[in-house]
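Shown next, in structure tokens, is the structure this report addresses.
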Amino acid sequence: MFARAIAEYEFILKGANAPIDRYARGDTTAMTDAQKRGALLFFGKANCVACHAVSGKSNEMFSDFRMHNIGVPQIAPVFGAGTGNVIFDGPGEDEDFGLEQVTGLAGDRYRFRTSPLRNVALQPAFFHNGAFTRLEDAVRHHLDPMASLRSYDAKRAGVAPDLAKRMAPIANVAASIDPLLRRPLQLSEQEFGDLVAFVRSGLLDENTLPAVACSHIPDALPSGMPLASFQSCPAAKP
């Protein structure tokens, strides 16, 4: 299951022929006006590129691959039969300590790796725990994580009912939010729409859409081993 889950995840990461790639290679018609305005915000006023980097070790994946606490609302189903299958951290077993689980350092608590943004439009949920199911909500959270934490409602965010029954206290998460996100960012509705347009479609390589990507699954493997079954390709041969 691990191998298949990783394979399906990597399936949507490949591809670097999004509108911004074609524009960078000289096709000035590749991006819409909204995408262009959104790109200017992404790399400028909104400063998304501070974490969703495109240079150096990021290898144009729109991630610095570093750990940050961006104030993601913590969903923590109760452990037990018919509820959750994970025992969470903290005295109430309702927190996810993130990187601290690996390093043992309290300063790493609530820190998670910056997610790459290429083809992010194909994701069914966002952030490490799927706290949001709409890209607009995930982007808006970055503008004011404190306000987002205070007003968060898992059901309204579209989280599955069995995962929305319990939330971790927000005070501890809020206390150590990354300094880059502590000051709320004001965007007009048009600016917000442009930013979402850039992230959703300006970074999407259409060759990764299921209708195209699934066509690359072979009928058989040279090894004779059975083919993996991809959830995003229900018509593929088992």
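The stretch 20-62: which trypsin sites (Lys or Arg not before Pro) are DSSP loop and have at most 11 other beta-carbon atoms within 10 angstrom?
Passing both the DSSP loop test and the Cβ count: 25.
For the chain, modelled as a Gaussian network with Cα springs under 10 Å, which listed residue fluctuates most, 80, 15, 44?
80
How much net charge surrounds residue 37 when only other residues with a Cβ under 14 Å from its Cβ are counted (Lys, Arg +1; Asp, Glu -1)?
-1
Quick one: order 79, 97 by neighbouring beta-carbon count within 10 Å, fewest to most.
Ascending Cβ contact count within 10 Å gives the list 79, 97.
Can you give the convex hull volume per residue for the Cα atoms of the stretch 198-237, as a whole number of Å³?
On the way: hull volume 3.3 nm³, N = 40.
Taking only Cα atoms, the stretch 198-237 has a hull volume of 82 Å³ per residue.
Just the Kirkwood number for the stretch 108-235, please: inverse of mean 1/r across all distinct Cα pairs, in Å, one decimal. Write down the numbers at each step before the final one.
Numbers: mean 1/r = 0.0573 Å⁻¹.
This gives a value of 17.4 Å.
What's the local net charge at residue 199, with K and R +1, D and E -1, over the other residues with C-beta under 14 Å away?
With Lys, Arg at +1 and Asp, Glu at -1, the neighbours total +1.
Would you calculate a helix-derived [θ] at 222 nm for the chain, using -39,500 (n - 2.57) for each DSSP H run of n ≥ 4 and dividing by the full residue count, to the nearest 500?
-7000 deg cm²/dmol
Could you identify which residue out of 77, 179, 226 has the top mean-square fluctuation in a GNM of the chain using Cα springs shorter than 10 Å?
226
Just rank 48, 233, fewest to most, by other beta-carbon atoms within 10 angstrom.
233, 48
Can you figure out the FRET efficiency of residue 212 with residue 180, using R₀ = 41 Å and their beta-carbon distance, to the nearest 0.05?
Working: r = 36 Å, r/R0 = 0.87.
That pair, residue 212 with residue 180, gives E of 0.70.
Residues with beta-carbon under 15 Å from that of residue 103, excluding residue 103: net charge, scoring Lys, Arg +1 and Asp, Glu -1? Write down the numbers at each step before the final one.
Working: positive: 66, 109, 111, 113; negative: 89, 96, 100, 108.
That sum, taken over residues with Cβ under 15 Å, equals 0.
List 183, 140 from most exposed to least, where exposure is judged by having the fewest other Cβ atoms within 10 Å.
183, 140
Placing one identical point scatterer on every Cα of the chain and ignoring solvent, what is log10 I(q)/I(0) from the Debye formula at q = 0.16 Å⁻¹?
The computed values of log10 I(q)/I(0) come out as -1.28.
Residue separation times 0.36 nm, minus the C-alpha to C-alpha distance between residue 29 and residue 232: what's the value?
70.0 nm
FYI, it's all coordinate maths here, none of it is from the lab. If you're wondering where the values come from, they're calculated on a predicted model, not measured in any experiment. Note: ideal-geometry Cβ built from the backbone for every residue, glycine included; neighbour counts use all protein chains shown.
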